[in-house]
Structure formats: C-alpha cells, structure tokens
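Each reported figure results from applying straightforward, stated rules to the coordinates on display, with no laboratory input. The shown structure was predicted, so the numbers you read here are calculated from the model rather than taken from an experiment. Cβ coordinates were reconstructed from backbone atoms using ideal geometry, including for glycine residues, and neighbour counts include every protein chain displayed.
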Amino acid sequence: MDEETNTLKMDFLSSDALKDQSSMEKISMIVEKVKCGEVLVMEGGLEPEEEAELIETTMREIDVESFVGIDIYTLEKDETSFFGLSKKKTVGITVIGPANIMKQVKRKSNFLSMVASLGDSDASMY
C-alpha cells in the first residue's frame, strides 16, 4: 500500500513465475512484498511446508508499528479423476497480503471476495 496516495498494489503471479525458485526464495519474495503493503495473487499455492515456513518467518518479522503480519486465503477447485470416480481438491489461486489491509474476506467453494482497508489499521487479523 502506498501511504501517500492511499492505493493498493496487487501482483498476479503465474505458477511458472515461481516454479524455478527455491522455497526460501519464494518465502523471502512474499514477505518482502507483503511488508511493503502489497497483495499477491498466485496461481496455485505453496506446499504445506512452505506455507508453514512463511508463517514462521512472518512471526519473526512482526513489528507492531510497521508490520502486523499476513493473511493467506486459498481458493480450491475440485478435480474429477479418471472416469469421474473420485474428486480431489487442488489449489486454484492463493491470495496473500498484509493483515492490516485485508479487512474482510468471504470464501465459498468457488468464490473469494476481499475488501481492502486503505488508510486505517483496524483490519482483523486471522
């Protein structure tokens, strides 16, 4: 978020943009962007281990005055296997942003809606 113009920057990343990066490179990039107030929309998502490391890294970086943490929301989709015998969930997109900006998020099975709060820091943290 740009404090002076009260605007929100969103980066949209394809799965190809991250496939050649190591887990630590992905996490570092995500933390740096979110610390700058940006919201990332990623095709696919992180591995469970990467998401855990992202949360752990974020906890170490928290500074009550300038960086309060992150919120992560994942929109999954159902994939039907061969002959339609079973379904499994795969990650469609993941939205990661500063906890103090991502004020309200509604999630249903195939729908994700976010309201960003620019200009005040009373957004809820999950």
Evaluated at q = 0.12, 0.15, 0.18, 0.21 Å⁻¹: base-10 log I(q)/I(0), Debye formula over Cα of segment 10-115 | -0.43, -0.65, -0.90, -1.16
Violating pairs (Cα-Cα greater than 22 angstrom) within the set Lys77/Lys106; Lys33/Lys77; Lys19/Lys77; Lys33/Lys103; Lys35/Lys103 = Lys33/Lys77
By how many nm would the segment from Glu56 to Gln21 grow when fully extended, if each residue of separation counts as 0.36 nm and the alpha-carbon distance is taken off?
-> 10.7 nm
How far is it, in nm, from the label point at Thr7 to the one at Glu47 when both lie 7 Å from their Cα along the line to the Cβ?
-> 3.7
Stretch gain in nm, segment Lys35-Phe111, where the contour uses 0.36 nm per residue and the Cα spacing is subtracted = 24.7 nm
Extent along principal axes [Cα atoms of segment 1-62; Å; largest to smallest] | 36, 28, 14
